[in-house]
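Visitor: Handing you a structure now.
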Amino acid sequence: MTVGLAGRGVTVTFGRGHNAFNAVAGADIDVAEREVVGLVGESGSGKTTLGKVLALLQRPTAGAVSYRGETLEMPRGGARSEVRGQVQMIFQDPYSSLNPKQRALHAVAEVFGVWQGASRTEARGAAMALLREVGISEEQARLFPASLSGGQRQRVSVARALAVEPRILIADEPTSSIDQSAQAQLLVLLGRLQSERGLGILLITHDLRLIRSFADRLYVMRRGELVESGPTAQIFSHPQHPYTSELIEAVPGGMRH
C-alpha cells in the first residue's frame, strides 16, 4: 500500500514557561491509502490535536506532515491547496461544522464550486449526486441542519469532505454524537466509501469495540504520546504496553481472545 499521509516527530505544545505542556509529544504516524487506521486513547490524550495537525488545521510546534513524500505546510489566510485537498477531516459534532443558515444541498454545492470550479448548476447536480451516495434524499437535502437528525448531519459532513475528492479521510469521533442505529449506518457507509473510492481513513475514537471491527492497524495514545502501534488483531490479543492492556480490560465483557 502507498503511504499517503505521514507525521514525523509531531509535537504540539500549549502554554508557556511553567504552564507549558505537550498535547502531542514526538508522534510518528502513517496512514496508507486504501487502509483504515485507528487512533485510540482516553479523553484528553491528544488524539484530536494530532488529527488536526495531520489535516493541516493545527500548526505543530515541531515535526512535519507529508503526503506521498511531499511536506505539507498550513496554508496562510485559508489559501486553497491541491495537496491539502488530499486530506479532509470529519468532526465529532456535525452541527458545529455546518452553517445553520445553509441548506444541506447548498453546503455541499459550495465545496464543488470552490474546489472543482463548477458552475452553480453543475455544483448543485454534483452535490445532489454525492448526497444520494451517502444516503441523503432530495427532500432531506433541502433542509437546514437543525431539521436533520444527528446521523443525517454527519452524512452531510461526509459529503462535504468527499466533495474535495480527498485520498485520506480523518474522522474524529464521528459516531459519538449520534444514536446507536445511526452509528452502525455511518460505519457501513464509511466502509463502503473506503472500498469503492480507495480512501485511507484515520478513525479517532475512544470506542475500542468500534475500532476492533473496523481498523486494519491501530495506534494507542496516552498523555500526548503514541505508546503502541501495530495490526489491530495483534494488539487486542497481545498488547505490549500496560496502558493498552488497561484500555482493553476496561471494556465491559472483555475483548481479548
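Visitor: For the range 82-97, check the following and say yes or no: at least one residue is open to solvent by 40 Å² or more (accessible area, probe 1.4 Å), over 24 Å from Asp30 (Cα atoms), free of Cβ contacts under 8 Å to residues at least 24 places away in the same chain and outside any loop (DSSP other than H, G, I, E, B).
Guide: no
Visitor: Out of the residues in the range 7-22 that are modelled with pLDDT of 95 or more and of a type in the set (Gly, Ala, Ser), which is least open to solvent (accessible area, probe 1.4 Å)?
Guide: For the range 7-22, the residue satisfying everything is Gly7.
Visitor: Another one. Yes or no: Val83 within 20 Å of the chain's Cα centre (by Cα), at pLDDT below 85 and among the hydrophobic types (A, V, I, L, M, F, W, C)?
Guide: So Val83 passes the test.
Visitor: I've got another one for you. Residues of the range 98-110 being assigned to a helix (DSSP H, G or I) and under 10 Å from Ala141 (Cα atoms), which ones?
Guide: Within the range 98-110, Ala104, Leu105, His106, Ala107, Val108 meet the criteria.
Visitor: I'd like to verify a number: residues in the range 50-73 that are outside any loop (DSSP other than H, G, I, E, B), of a type in the set (S, T, N, Q) and open to solvent by 30 Å² or more (accessible area, probe 1.4 Å), how many?
Guide: 1
Visitor: Something else now. So which of Gln154, Gln140 ends up being surrounded by 15 or more Cβ atoms within 10 Å (Cβ to Cβ), part of a helix (DSSP H, G or I) and within 23 Å of the chain's Cα centre (by Cα)?
Guide: Gln154
Visitor: Filter the range 174-197 down to the residues that are out of contact with any Asp or Glu (no Cβ under 7 Å at 6 or more places or on another chain), assigned to a loop (DSSP other than H, G, I, E, B) and open to solvent by 20 Å² or more (accessible area, probe 1.4 Å) and list them by number.
Guide: Listed by number, the residues that qualify are Ser176, Asp179.
Visitor: Sort out which residues of the range 101-154 are more than 21 Å from Arg192 (Cβ to Cβ) and among the acidic types (Asp, Glu), and write them in order of number.
Guide: Passing the criteria: Glu110, Glu122, Glu139.
Visitor: Just need a number here: residues in the range 153-167 that are in contact (Cβ under 8 Å) with a residue 40 or more places away in the chain, under 26 Å from His206 (Cα atoms) and touching a helix residue (DSSP H, G or I) at 6+ places or on another chain (Cβ under 8 Å).
Guide: 9
Visitor: Could you please find all residues in the range 26-49 being crowded, with 21+ Cβ neighbours inside 10 Å and in a strand (DSSP E or B)?
Guide: Answer for the range 26-49, where residues must be crowded, with 21+ Cβ neighbours inside 10 Å and in a strand (DSSP E or B): Ala27, Ile29, Val31, Val36, Val37, Gly38, Leu39, Val40.
Visitor: Further, regarding this structure: Within the range 231-247, can you find the residues that are part of a helix (DSSP H, G or I), within 18 Å of Glu42 (Cα to Cα) and not acidic (Asp, Glu)?
Guide: Thr232, Ile235, Phe236, Pro242, Tyr243, Thr244, Ser245, Leu247
Visitor: If only one of Ser96, Ser137 is modelled with pLDDT of 90 or more, of a type in the set (Ser, Thr, Tyr) and either out of contact with any Lys or Arg (no Cβ under 9 Å at 6 or more places or on another chain) or over 30 Å from His206 (Cβ atoms) (or both), which one is it?
Guide: None of the others qualify; the one that does is Ser137.
Visitor: Looking for whichever is part of a helix (DSSP H, G or I), in contact (Cβ under 8 Å) with a residue 60 or more places away in the chain and open to solvent by less than 10 Å² (accessible area, probe 1.4 Å) here; the options are Ile170, Ile211. Which one fits?
Guide: The match here is Ile211.
Visitor: Does the range 216-233 include one or more residues that are of a type in the set (S, T, N, Q) and modelled with pLDDT under 95?
Guide: Scanning the range 216-233, I find no residue that is of a type in the set (S, T, N, Q) and modelled with pLDDT under 95, so the answer is no.
The values are calculated or read from the model by the stated rules, or taken from the named source; none is laboratory data. Note that the structure is a prediction, hence the values are computed from the model and not measured. Ideal geometry is used to build each Cβ from the backbone, glycine not excepted, and the neighbour counts take in all protein chains shown. Ligands, DNA and RNA are excluded from the accessible area calculation, which covers all protein heavy atoms including side chains. Shrake-Rupley method; radii C 1.70, N 1.55, O 1.52, S 1.80 Å.
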